[in-house]
Amino acid sequence: MWCRRLAWLFKVPYQLRGSTRHRSLWLPCDRRTVPAAAARWHHTAPESLKCAWQLHGDHLELRYANTLMRFDFVWLRDHCRSASCYNAKTNQRSLDTASVDLGIKPKAVRVDETTLFLTWPDGHVTRYGLEWLVKNSYEGQKQRVMHPRILWNAEIYRQAQVPSVDCRSFLETDEGLKEFLQNFLLYGIAFVDNVTPTKEDTEILAERISLIRETIYGRMWYFTSDFSRGDTAYTKLALDRHTDTTYFQEPCGIQVFHCLKHEGTGGRTLLVDGFYAAEQVLRQAPDQFELLSKVPLKHEYVENVGDCHNHMIGVGPVLNVYPWNNELYLIRYNNYDRAVINTVPYDVVHRWYAAHRTLTTELRRPENELWVKLKPGKALFIDNWRVLHGREAFTGYRQLCGCYLTRDDVLNTARLLGLQA
């Protein structure tokens, strides 16, 4: 559903379509070299390939694998993978992009069953695999999902019976680590069982998949109800669903919780798939989804307790989407820490409140709430860019430890194990 395109994201000026200088004839894939100025058909490639190309004044159009692609000439020269333009050992570009003539055009074009060949005015030849072009074209990317996910409410998650991973398997085998990461990527939460209930062992667990992100709360932290920090989380009160560190310019990507001790009642953890709720908003009120993804807001954290003095401000919309395919990748939702709304003109504010109410209603539906009782030995990893968490009020002494992880490193670990992340 995230690949659904909203019209506002892809408006093309009318005057750019049908321009006289862009008219030309389609040429089927041909093994022979064809001058760029030619406008005639060639039928040497198999008809079943369904591949054809045509030149316009400033770009090449290519139809292949049921995809119509458009490539700017500068783009085609810039992405050349020849030895002089690209270092295959380091996977880095060698070509100086700024040196490419912005008015460059290929002198000749040739396409066979698998490859596009472009000859440039200086005689340099660029070769592209047709499959590579489909994968890396804008038209191909807007049909692809960057991060495959399974959206869930409480019933969907329970029926999926997602298994926890044993701590030893997680730490000592690639199979256990891969199973854990696959669960985490698909659902935004994952559990590890049989963890020794200490901060040190939790730290070892976290470092298996990522560098630990040090923040104003430290590296690894103990979490009790002593109100040692100027934050509601350090009390015994209930906490409504939210994502953490919305007041950072880049909110922390992953959060780790491990309950070390609880001598009392209550304190269950609440988990809500924010992407599932946002999907319902997109289905029911796409205009409100659009508003939540475009209007920037400030979130703020002000702390003056003991030796802790902090004033953090993060800016961004509630919903963050990739503009080419409208795929949601981050939800920034925390009603506690939202600052004064002073970045929105008055004629938009009321509509934003209505959109925020629609999303909040979805987030608070009882059927979307997954309640989990954290116990010593069971560690919980949460995708803080997707899954909201909260808790019910509790009594007695309750101690948790945890940390934040760098998102890039978690995704890096997943990709190295062959997962799409």
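Here, each number is a calculation from the coordinates, and none is a lab measurement. Just so it is clear, the structure is predicted and the values come from calculations on it, not from any experiment. Cβ sites come from the backbone with ideal geometry, for glycine too, and all protein chains shown count toward neighbours.
For segment 279-301 and segment 117-180, compute the distance between their C-alpha centroids and round to whole Å.
For segment 279-301 versus segment 117-180, the Cα centre distance is 26 Å.
Out of all DSSP beta bridges with both ends in the chain, state the antiparallel percent to the nearest 5.
95 percent
Would you mind estimating how fast segment 51-143 diffuses translationally, via Stokes-Einstein at 25 °C and 0.890 mPa s with the Kirkwood radius over Cα pairs, in µm²/s?
179 µm²/s
Can you spot the lysines whose alpha carbon is less than 26 Å from K375's alpha carbon? Ignore those fewer than 8 places along the same chain.
K375 reaches K178, K199, K236, K261.
Let's see if you can work this out: charge +1 on each Lys and Arg Cβ, -1 on each Asp and Glu Cβ, no other charges. What is the dipole magnitude of the chain about its Cα centre, in debye to the nearest 20?
Result for the chain is approximately 1400 debye, rounded to the nearest 20.
Using only the alpha carbon atoms of the chain, find the Kirkwood hydrodynamic radius as the inverse mean reciprocal pair distance, in angstroms to one decimal.
Averaging 1/r across every pair of different Cα atoms and inverting gives 24.8 Å.
Starting from one equal scatterer on each C-alpha and no solvent at all, send me the Debye-based log10 I(q)/I(0) for segment 85-131 at q = 0.21, 0.29 Å⁻¹, two decimals.
Here the Debye-derived log intensity ratios amount to -0.89, -1.09.
Charges at C-beta only: +1 for Lys and Arg, -1 for Asp and Glu. How large is the resulting dipole of segment 275-421 about its Cα centre, in Debye rounded to 20?
Once rounded to the nearest 20, the dipole reads 360 debye.
Apply 1/(1 + (r/R0)^6) to the Cβ-Cβ distance of N304 and W132, taking R0 = 60 Å, and write down the FRET efficiency to the nearest 0.05.
About 0.60, to the nearest 0.05.
Out of N310, Y346, Y336, whose Cα points farthest toward the positive end of the dipole of the chain (charges: +1 Lys, Arg; -1 Asp, Glu; placed on Cβ)?
About the Cα centre, the residue reaching furthest to the positive side is Y346.
Q143 to E369: FRET efficiency via 1/(1 + (r/R0)^6), r the Cβ-Cβ distance, R0 41 Å, to the nearest 0.05?
0.75
Any idea which of G218, A379, N66 is furthest toward the positive side of the dipole for the chain, if Lys and Arg beta-carbons carry +1 and Asp and Glu beta-carbons -1?
Most positive-ward Cα: N66.
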